[in-house]
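Everything on this sheet refers to the single structure shown next.
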Amino acid sequence: MTNTTKKFLKVFEAPIPEAPPMWLMRQAGRYLPEYREIRAKAPSFMDFCWNPDLTVEATLQPIRRFGFDAAIIFSDILVVPDAMGHTVRFDVGEGPRMAAITTPEEVDAVGEFNLSHLEPVFEALRRVRKELPAETALIGFCGAPWTIASYMIAGKGTPDQAPARRFAYRYPAAFQKLIDRIVDASIVYLNEQIKNGAEVVQIFDSWAGVLPAREFVAWCEKPVARIIEGVRAVNPQAKIIAFPRAAHSSLVGFGDRVGADAVGLDTSLNNAWASEALSKNQVVQGNLDPLVLIAGGDALRREIDFIRESFQDFRHIFNLGHGILPETPIENVELLVARVRGKLA
């Protein structure tokens, strides 16, 4: 089977398909009992990420169970700062932790990006590509510069990324320098993922929605556009999804401005507005609420049908509006897959 016959890849070029291709953000993860079993084999989450035997297995598990149209390589957006010597750890129950950047001098002290540090990711991509069913596409990814920088400055996740926003206002030149470093690293990283088997890449800007309009352009839109330009300079045919979470009205024209092939839509978006405001020439992805996937039953059926109807005039990739939650019942995911594919479970 050639790449052009893969359902997931055809959505970028072909007419609107009868049923949209589908995958789920965080589809390899804690809601799967088989994932929880292998997760116990690594002492920490980052140890898991650096072990290709484990990440290959985690990537393939949801494909074996549900037959999604695409697999996404198991990794984390914060491997990029880790490869810049800004060591990342995950504390149980608290999420990512790293040294906080509080002064311009500490930006200068961030190390050079070491691509070889990420070889476990590339090995996993090569192995997964060989083991995937012929009809299944492979997605690579990175975090967007704003989101990565916000973690580096705060040293952790925060509700509104206020530390990074304050830093950008106080030290704009230093913040721009950090953004530039992440842009350059991300270009190299995504191109290397494509070289090693990724057929599509997604840029996750999980914290885009906290930015005021002008800062959104400066710290989300322009850096993502530079990454896409840098990827296309090496891989002109690369398929790229941009996901500026909670961007709302800034989504109008966003895909064209950054050069993305598809734009991810988050759960909070008004789909009636989006179906009128967004370009029909733009592939859209999303945006089922992860909580309704937990609820299941008729509520889930209604939301699936509502999303299908909302984007019936678009080339649409069915997905969640954010990552799948650990307590999601397996039977609800099975219902989702069947109904999206027209089996009306």
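The values are calculated or read from the model by the stated rules, or taken from the named source; none is laboratory data. Because the structure is a prediction, the values reported are computed rather than measured. Neighbour counts run over all protein chains shown; Cβ positions are idealised from the backbone, glycine included. We work out accessible area using only protein heavy atoms, side chains counted, and drop any ligands, DNA or RNA first. Shrake-Rupley method; radii C 1.70, N 1.55, O 1.52, S 1.80 Å.
Just a few scattered comments:
- Residue count, the range 266-310 (criterion: of a type in the set (Gly, Ala, Ser) and touching a strand residue (DSSP E or B) at 6+ places or on another chain (Cβ under 8 Å)): 2
- Just so you know, in the range 196-216 the residues that are in a helix (DSSP H, G or I) and in contact (Cβ under 8 Å) with a residue 12 or more places away in the chain include one that is surrounded by the most Cβ atoms within 10 Å (Cβ to Cβ), and it is Ala208.
- The residues on offer are Ala242, Ala260, Ala246, Ala299, and the sole one that is small (Gly, Ala, Ser), under 24 Å from Asn191 (Cβ atoms), in contact with a helix residue (DSSP H, G or I) (Cβ under 9 Å, 6 or more places away or on another chain) and outside any strand (DSSP E or B) is Ala260.
- Qualifying residue in the range 293-311 (condition: touching a residue at least 60 places away in the same chain (Cβ under 8 Å), out of contact with any Phe, Trp or Tyr (no Cβ under 7 Å at 6 or more places or on another chain) and not hydrophobic (A, V, I, L, M, F, W, C)): yes
- Filtered residues of the range 88-101 (kept if open to solvent by 90 Å² or more (accessible area, probe 1.4 Å) and under 17 Å from His117 (Cβ atoms)): Arg89
- Condition check for Asp160: touching a helix residue (DSSP H, G or I) at 6+ places or on another chain (Cβ under 7 Å), surrounded by fewer than 23 Cβ atoms within 10 Å (Cβ to Cβ) and not β-branched (Val, Ile, Thr): yes
- Every residue from the range 1-53 that is under 28 Å from Lys239 (Cβ atoms), assigned to a helix (DSSP H, G or I), open to solvent by less than 20 Å² (accessible area, probe 1.4 Å) and in contact with a strand residue (DSSP E or B) (Cβ under 8 Å, 6 or more places away or on another chain): Phe8
- Only a single criterion out of (1) in a helix (DSSP H, G or I); (2) farther than 21 Å from Gly253 by Cβ; (3) open to solvent by less than 40 Å² (accessible area, probe 1.4 Å) is not satisfied by Ala233, namely (3).
- For Gly140: the one exception among (1) open to solvent by 40 Å² or more (accessible area, probe 1.4 Å); (2) closer than 29 Å to Ala28 by Cβ; (3) not in a loop (DSSP other than H, G, I, E, B): (1)
- Near pairs, Cβ below 9 angstrom, 6+ apart or cross-chain, from the range 268-287 (in contact (Cβ under 8 Å) with a residue 60 or more places away in the chain and in a strand (DSSP E or B)) to any residue that is among the hydrophobic types (A, V, I, L, M, F, W, C) and open to solvent by less than 70 Å² (accessible area, probe 1.4 Å): Val283/Val11; Val283/Phe12; Val283/Ile241; Val283/Ala260; Val283/Ala262; Val283/Val263; Val283/Phe314; Val283/Ile317
- Matching residues in the range 326-344 - criterion: being under 14 Å from Arg65 (Cβ atoms) and either basic (Lys, Arg) or open to solvent by 50 Å² or more (accessible area, probe 1.4 Å) (or both): Glu331, Glu334
- The set of residues in the range 58-87 that are in contact (Cβ under 8 Å) with a residue 60 or more places away in the chain, out of contact with any Phe, Trp or Tyr (no Cβ under 8 Å at 6 or more places or on another chain) and open to solvent by less than 50 Å² (accessible area, probe 1.4 Å) comprises Leu60, Ile63, Phe66, Gly67, His86.
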